[in-house]
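This report refers to the structure that appears directly beneath it.
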Amino acid sequence: MKIGRTIRSVFALTILAVAVIVPAWLGAKSGDASSPTASATLSADQVVDNLVRRNQERAQALLHSEATRVYRLVYHGFPGDREAEMTVQAIYDSPSTKEFKVISQSGSKLIQERVFKKLLESEKEATQPAISARSQLNHENYDFELMGYEPSEHGGQYVLRVTPKSKTKYVYGGKVWVDGSDFAVTRIEAEPAQNPSFWTKKSEIRHEYKKIQAFWLPVRNESVSYIRLGGRATLTIEYKDYRVTDARQPVKSPTAASSGGNSH
């Protein structure tokens, strides 16, 4: 197996990573939702209904955001180890415009060109309504099962098992954590519903979100791909230095909120 095929399989995994990020990255606006104690009695359908409703609200509320992202890819295995890193300024404008400015990059040129740059192009495409609709966490795309309710630093969160209704590159199966007050995705642990590539034996995806101002935003993504014939590729994306403009709440300062260091 050639390293080019390995890199292509890693890029295929990043497509799914984008599909996971895009529907949830806008965050959740705090408001008049039920308290964590009261909402602990909700069914899976009620949790999802609240999640869908709040998704629509936050899509309208978020006008503009900026963040610094650090992309890292490390591959160990046949025929040789490779790694690369890229730092990017990401800018979002409502309703579906994303722009990226590369600040710095280092390491493997092959990874920079075939993974990082392709990933940015794919994320811009994934914000378009036709593609985004196929990956949204809703009853049209997934079946949901309530697994439990766990404590969290914000009060409590639901744990849902999600099963895609169709096997495509835009959906995944696994566990999703939903905040019991804001009804926002706080964490995802999943696998692609469709194997990203013949050369990929197994793929794992983990996403974490953090409340910044009144929104939940991604702080760290990790996608691990186990390659046939040996090898492991780990892609991480960390987010920091957020600046957010909310249509329903004035920005507190020119530098608004920061993630406080490396996170998604």
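Summary table
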item: Accessible surface of Arg161 - all protein chains present, 1.4 Å probe, nearest 10 Å²; result: 90 Å²
item: Cα gyration tensor, region 115-186 - rounded (a/c under 1.5), prolate or oblate; result: prolate
item: Amide H contacts of Lys210 (H built 1.01 Å from N, under 5 Å, at least 5 apart or other chain); result: Leu217, Val219
item: Gain on full stretching of the segment that runs from Thr163 to Ser96 - 0.36 nm per residue minus C-alpha separation; result: 21.4 nm
item: Rough spin-label spacing in nm, given labels placed 7 Å along Cα→Cβ, for Met147 and Ser43; result: 2.1 nm
item: Overall form of region 61-150 per C-alpha gyration tensor (a/c, 1.5; a/b vs b/c); result: oblate
item: Chain lengthening between Ile103 and Glu83 when straightened (0.36 nm per residue, less Cα-Cα); result: 5.4 nm
item: Long pairs among Lys109/Lys165; Lys175/Lys240; Lys167/Lys240; Lys101/Lys167, criterion Cα-Cα beyond 31 Å; result: Lys109/Lys165; Lys167/Lys240; Lys101/Lys167
item: Karplus 3J(HN,Hα) series, Hz, for region 213-224 with 6.51 cos²θ - 1.76 cosθ + 1.60 (x for Gly, Pro); result: 6, 9, 10, 9, 10, x, 10, 7, 10, 9, 10, 10
item: Estimated vicinal HN-Hα couplings, Hz - region 84-95 in sequence order (Karplus 6.51, -1.76, 1.60; Gly, Pro = x); result: 7, 9, 9, 10, 9, 8, 10, 10, 10, 10, 4, x
item: Solvent-accessible area of His154 with every protein chain in place, 1.4 Å probe, in Å² to the nearest 10; result: 80 Å²
item: FRET efficiency estimate (nearest 0.05) - Cβ-Cβ, Arg232 to Lys124, R0 25 angstrom; result: 0.35
item: Relative contact order for region 151-226, counting Cα pairs under 8 Å that sit 6 or more residues apart, in percent; result: 22 percent
item: 3J(HN,Hα) from dihedral phi, region 135-151, Karplus parametrisation 6.51/-1.76/1.60, rounded to Hz, x for glycine, proline; result: 10, 5, 7, 8, 6, 6, 9, 9, 9, 10, 10, 7, 9, x, 9, 10, x
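The values are calculated or read from the model by the stated rules, or taken from the named source; none is laboratory data. Because the structure is predicted, anything quoted here is derived from the model rather than measured. Reconstructed Cβ throughout: ideal geometry from the backbone, glycine too, with neighbour counts over all protein chains shown. These accessible areas exclude ligands, DNA and RNA; they are computed on the full protein's heavy atoms, side chains included. Shrake-Rupley method; radii C 1.70, N 1.55, O 1.52, S 1.80 Å.
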